[in-house]
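**Q** What follows is a structure written as structure tokens; I'll ask about it next.
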Amino acid sequence: MMTQSNEQIAHDLAVAIASQHYLKSSVRSFHNAITDYDEIYDELLAELAKTAHVAV
């Protein structure tokens, strides 16, 4: 089994969350989606950095 880096996990989750926000938004702006992704990615990466081990 291949493990994923914190960066890859944060990216995958941020894409999924930002996509949901984009689809639910009444104003669909690509710029807003990218900004949303950036903010979510940064938050997730910071949270993942706090964990030394994630059980799968």
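Throughout, read-outs are computed from the coordinates displayed, never taken from laboratory work. Note that this is a predicted model, so its numbers are computed, not measured. Here Cβ is always computed from backbone atoms with ideal geometry, including for glycine, and neighbour counts include all displayed protein chains.
**Q** Tell me which of ALA10, TYR22, ILE40 sits at the most positive position along the dipole axis of the chain, charges placed on C-beta atoms (Lys, Arg +1; Asp, Glu -1).
**A** TYR22
**Q** Still on this structure, I have one more. Taking only DSSP H segments of four or more residues, each worth -39500 (n - 2.57), what value at 222 nm results for the chain once the sum is divided by all its residues, to the nearest 500 deg cm²/dmol?
**A** The per-residue figure over the chain is -24000 deg cm²/dmol.
**Q** Another question, then. Return one number: the angle in degrees, 0 to 90 and rounded to the nearest 10, between the long axis of the Cα atoms of helix 30-49 and the longest principal axis of the Cα atoms of the chain.
**A** Helix 30-49 sits roughly 20 degrees off the main axis of the chain.
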